[in-house]
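A.B. asks: Here it is, the structure in full.
The values are calculated or read from the model by the stated rules, or taken from the named source; none is laboratory data. It should be emphasised that the depicted structure is a prediction, and the values quoted were computed from it without experimental measurement. A quick note on method: Cβ atoms are made from the backbone with ideal geometry, for glycine too, and the neighbour counts reach across all protein chains shown. What goes into the accessible areas is simple: the full protein's heavy atoms, side chains included, and nothing from ligands, DNA or RNA. Shrake-Rupley method; radii C 1.70, N 1.55, O 1.52, S 1.80 Å.
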Amino acid sequence: QVQLVESGGGLVQAGGSLRLSCAASGRSFSIYAMGWFRQAPGKEREFAAAISQTGGATYYADSVKCRFTVSRDNSKNTVYLQMNMLKPEDTAVYYCAAAPLSGSTSPNYYRYWGRGTQVTVSS
């Protein structure tokens, strides 16, 4: 069992930045690949970014590539999502999730989920 808690969301103007954090507790954090997903009102949950167990591989949705950076610190049991050049269309609840295998962009492969943190980007 892994418990995940996101933080760092908030209200920011377009063009601004936010850094999300996801703290994990429970079973060994480093055995899981981690992902960030987001869900806007009335829309399905979508993949944003993911990182392998060691941090050696990262994956991004085309919509966030070159603006978002995913990283992890296994010594702190934490994964991060640095979001730059934010756009109003980035407004969503952001979730972190843990998966046993690396590289998955489908939420179906993620076993554990946090409750999410709201990110709102004003125009």
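A.B. asks: Could you state the accessible area per residue of segment 54-123 in Å², with a 1.4 Å probe and every protein chain left in place?
C.D. replies: 52 Å²
A.B. asks: How large a share of the accessible area of the chain, in percent, is made up of carbon and sulfur atoms when the probe is 1.4 Å and the other protein chains stay in place?
C.D. replies: 49 percent
A.B. asks: If I model a spin label as a point 7 Å beyond the Cα along the Cα-Cβ vector, how far apart are those points for S28 and Y109 in nm?
C.D. replies: Here the modelled spin labels are 2.1 nm apart.
A.B. asks: OK, next. Between D62 and Q3, what is the spin-label point distance in nm, taking each point 7 Å from the Cα along the Cα→C-beta axis?
C.D. replies: So the two model labels end up 4.0 nm from each other.
A.B. asks: A further question follows. For D90, D73, D62, what's the largest-to-smallest order of accessible area, 1.4 Å probe?
C.D. replies: Order by accessible area, largest first: D62, D73, D90.
A.B. asks: Ok, one more. State, as an integer percentage, the relative contact order of the chain based on alpha-carbon contacts under 8 Å between residues 6 or more apart.
C.D. replies: Relative contact order, the chain: 36 percent.
A.B. asks: Follow-up. Would you work out which of L101, S75, S123 lies farthest towards the positive end of the dipole of the chain, given +1 charges on the beta-carbon of Lys and Arg and -1 on that of Asp and Glu, about the Cα centre?
C.D. replies: S75
A.B. asks: Further, regarding this structure: Distance in nm between label sites at E46 and R19, each 7 Å beyond Cα in the beta-carbon direction?
C.D. replies: For E46 paired with R19, the spin-label model returns 2.6 nm.
A.B. asks: Based on the mean of other Cβ atoms within 10 Å per residue, sort peptides 10-16, 30-36, 117-123 so the most packed one is first.
C.D. replies: 30-36, 117-123, 10-16
A.B. asks: Tell me which lysines have Cα within less than 23 Å of K43's Cα, excluding those fewer than 8 residues away on the same chain?
C.D. replies: K65, K87
A.B. asks: Measuring from centroid to centroid over Cα atoms, what is the spacing of segment 27-41 and segment 63-85 in Å?
C.D. replies: Result: 11 Å between the Cα centres.
A.B. asks: Moving to a separate point now. If you check each cysteine of the chain for another cysteine whose beta-carbon is under 4.7 Å away, which ones come up empty?
C.D. replies: C66
A.B. asks: Which order do R27, R115 take by accessible area at a 1.4 Å probe, largest first?
C.D. replies: Largest accessible area first, the residues go R115, R27.
A.B. asks: Compactness ratio of the chain: Cα Rg over 2.2 N^0.38 Å, N = residue count?
C.D. replies: Normalised Cα radius of gyration, the chain: 0.96.
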